[in-house]
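The values are calculated or read from the model by the stated rules, or taken from the named source; none is laboratory data. Predicted model, so just to flag it, every value in this text is computed and none were measured. Cβ placement follows ideal geometry from the backbone for every residue including glycine, while neighbour counts extend to all protein chains displayed. Side chains are part of the model used for accessible areas, which takes the heavy atoms of the whole protein and leaves out ligands, DNA and RNA. Shrake-Rupley method; radii C 1.70, N 1.55, O 1.52, S 1.80 Å.
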Amino acid sequence: MSRPDSFHPLARLLHWLMALAILAMLFVGVGMVATVSTRHQWLLAIHRPLGVTILLLALLRLGVRLRWRPPPLPSDMPTIMQWLAISSHWLLYALMIGMPLIGWAMLSAGGFPVMLGRSWHLPPILPANSALYAWLRLAHGVLAYLLFFTILGHMAAALYHGLIRRDGVLSSMTFHRLPRRRSPAPSTNTAPEAGDIGSPSQTDPPDSPGYGTPPL
Amino acid sequence: MLEPERTPPARSTWRWAVIAASVAVLLLLFGYTAGWLAPHRLTPQRIVDALQRNAGLHPGYRRNHAKGICVTGYFDSSGNASAYSRAIVFAPGRTPVVGRFAIPGGNPGAPDGGTPVRSLALRFDLANGQQWRTGMNNSPVFPVATPQSFYEQLVASRPDPATGHPDPLKLAAFYAAHPETGAFRAWAKETTPSSSYVTESYYGLDAFYLIDAGGKRHAVRWSAVPEAAAGASEMASATAPDVLAGDLQQRLANGPLRWRLMLTLAAPGDPTNDATRAWPPDRHIIDAGTLVIEHVQPQDNGPCRDINYDPTVLPDGIVVSDDPLLAARSAAYANSYLRRTSEHAGVPGATRVERQP
Ligand code: HEM
Ligand code: HEM
Ligand code: HEM
């Protein structure tokens with residue numbers, strides 16, 4: 001069950017599954033447009049169906065995100081950092097939904113059948129129009145780089161939370177074995193987990209070092 | 001069980017180093033994959049740059065086979081190929097086609113007599129929304145077998161700025177290093193540039209596989225064989241620089257033009273990965289049906305302008321072979337297509353297309 005100090009398990013599962021898939025897509029994308037070897041063919045054959053899978057997962061994830069509120073950010077986080085965290089998360093949502101839609105729209109505008117496998121194809125979502133193709137193709141490339149650099153920043157921030165601040169933000173997204181608190185000391189948030197039946201923490205030895213406990 | 005208290009922020013160097021290293025590793029891997037850190041990798045950009053350097057920049061036009069003309073018509077399938085491929089284009093019936101005749105080279109103003117090569121590209125629009133795109137040349141073999149050799153040939157045939165012609169020594173050195181070009185050069189030497197697109201046979205050159213209803217693969221090469229192979233210069237004089245377009249218009253004014261679509265099946269051992277080697281003539285050949293061309297339109301406003309005849313756009317029932325040219329063509333055509341559509345769209349960074357007054 002979801003605990004107040006971490007993301008809903010489904011949100012965490014989707015987060016890591018999609019982190020892998022989206023990073024893979026970025027590498028597949030830049031790799032396939034930079035080679036004339038036969039890799040180009042099979043990378044492209046992965047790119048389209050994986051991209052459409054990401055679109056479906058992203059819509060599901062948006063639903064999960066709206067249904068189960070995420071744990072609050074630590075209250076001692078500077079406002080600007082909180083603002084950056086929140087806006088970058090929405091930017092990531094926009095890109096993980098926008099990128100596949102642009103890919104699909106761009107192939108439609110280019111007059112290409114959007115083949116997902118040998119015999120499967122999606123209907124066009126735009127009429128054939130080469131100017132639209134050119135603009136969407138530009139957008140697909142530029143936004144892919146924006147997505148990549150946002151993810152780099154996001155990863156650095158997550159590690160900063162986990163390694164430097166050690167405020168429970170990283171562990172709120174991991175499949176940790178010990179419950180973490182996210183805020184320094186709001187009394188409402190301190191010790192609800194002990195009675196949480198089925199919580200993995202019950203099987204943990206009380207002194208097991210969780211992620212974020214100083215290892216030194 | 002007690003919650004561990006929140007630990008104070010750590011300031012140790014190695015923690016920052018872990019963060020920096022994670023970012024750096026991901027960035028480096030990404031850069032390597034994208035080719036920034038691998039300048040020697042042959043990319044579609046480099047091939048298309050080389051085409052563009054040889055022919056000069058002609059915004060809005062294809063970077064190869066720039067001079068051409070749009071045609072439309074249909075394919076009437078005989079049904080003969082349907083035992084070998086489940087693609088619905090081979091079932092008896094009619095499929096609309098948008099095609100393009102062209103000559104190679106990146107200069108849309110090149111004289112037709114400058115090369116013996118003529119090409120025909122086709123897009124079959126299948127009833128189920130899938131497509132079959134193919135680009136064919138009138139030479140029975142291609143000069144090179146790999147994208148690397150294609151690129152080397154482009155570099156060797158770059159015009160010398162002083163003379164405007166390729167350096168014969170560099171070309172000779174390329175041919176000496178690439179004996180596989182021999183069959184093509186022999187063909188080019190004995191072939192007078194045709195003054196008609198209509199009398200030519202066009203060869204797909206790359207091999208593909210047909211997939212039948214049972215899922216079995218059949219290695220194949222295809223060609224379009226004209227109904228009227230003789231009389232190339234009946235209509236027009238071969239010396240006129242734009243003879244081909246005029247000839248086509250004149251002939252179409254007298255009625256539709258026809259080609260038979262022939263599928264040649266490989267025998268075991270025939271190369272599927274080498275477009276410089278023709279298959280022996282006694283192979284099993286299927287007459288798949290008739291290609292009928294009815295109308296012609298200039299490429300500047302015709303329906304073929306915005307088509308990328310990427311030969312890897314295939315319907316269910318046809319797949320690519322291990323021919324290394326196919327992936328390179330797909331990647332390079334996409335790059336050329338992006339450049340020319342960006343130029344027409346006025347995308348920032350793209351060269352502007354000169355509008356005719
Ligand atoms: C493709 C890569 C990634 C994408 C698209 C992505 C996206 C997101 C998004 C949209 C959120 C907001 C929470 C939500 O509503 O789901 C989030 C949260 C989070 N992500 Fe990622 N993420 C990626 C990779 C990573 C990586 C590599 C790490 C760690 C090294 C990471 C660590 C976190 C953490 C700790 C949170 C929780 C932040 C909080 O408490 O608000 N993510 N991620
Ligand atoms: C999360 C989703 C996606 C990501 C992260 C992504 C990423 C990328 C990247 C990084 C490139 C290379 C861009 C460049 O360097 O210029 C690319 C190209 C491409 N993408 Fe995507 N993509 C996604 C979804 C899709 C979808 C759903 C489709 C189609 C259905 C698609 C079709 C293409 C095509 C056809 C190209 C290459 C075009 C060319 O050869 O010029 N993408 N993508
Ligand atoms: C690695 C080898 C090759 C490269 C790099 C290459 C490159 C190109 C490029 C960049 C274009 C312009 C595409 C566009 O903007 O739409 C083109 C057009 C064309 N190529 Fe190739 N090509 C190669 C091999 C071949 C082969 C083997 C054939 C013949 C079977 C062929 C036939 C054609 C035809 C017919 C066109 C014109 C298509 C049209 O009318 O739009 N090419 N080629």
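Quick notes on this one:
- For region B:293-325, filtered to residues that are away from chain A (no Cβ under 11 Å) and without any contact (Cβ under 8 Å) to a residue 60 or more places away in the chain, the residue that is nearest to B:Ile103 (Cα to Cα) is B:Asp300.
- In the condition set (1) among the hydroxyl-bearing types (Ser, Thr, Tyr); (2) within 9 Å of ligand 1 (Cβ to nearest atom); (3) open to solvent by 40 Å² or more (accessible area, probe 1.4 Å), A:Ser75 is compliant with all but (2).
- Selection of region A:59-76 for residues being in contact with a Lys or Arg (Cβ under 8 Å, 6 or more places away or on another chain) and farther than 16 Å from A:Arg12 by Cβ yields A:Pro72, A:Leu73, A:Pro74.
- Subset tally (residues that are under 26 Å from B:Ala87 (Cβ atoms), within 9 Å of another protein chain (Cβ to nearest Cβ) and either away from ligand 2 (no atom under 14 Å from the Cβ) or open to solvent by 20 Å² or more (accessible area, probe 1.4 Å) (or both)) for region B:327-357: 2
- Residue check, B:Arg63 more than 22 Å from the chain's Cα centre (by Cα), outside any helix (DSSP H, G or I) and of a type in the set (Lys, Arg): no
- Scanning region B:279-289 turns up no residue that is surrounded by 14 or more Cβ atoms within 10 Å (Cβ to Cβ) and under 22 Å from B:Ala102 (Cβ atoms).
- Leading residue by the ranking (nearest to ligand 2 (Cβ to nearest atom)) among those in region A:61-94 that are in a helix (DSSP H, G or I) and among the aromatic types (Phe, Trp, Tyr): A:Tyr93
- The residues in region B:306-326 that are over 18 Å from A:Met115 (Cβ atoms) and either of a type in the set (Ser, Thr, Tyr) or open to solvent by 30 Å² or more (accessible area, probe 1.4 Å) (or both) can be counted, and the count is 3.
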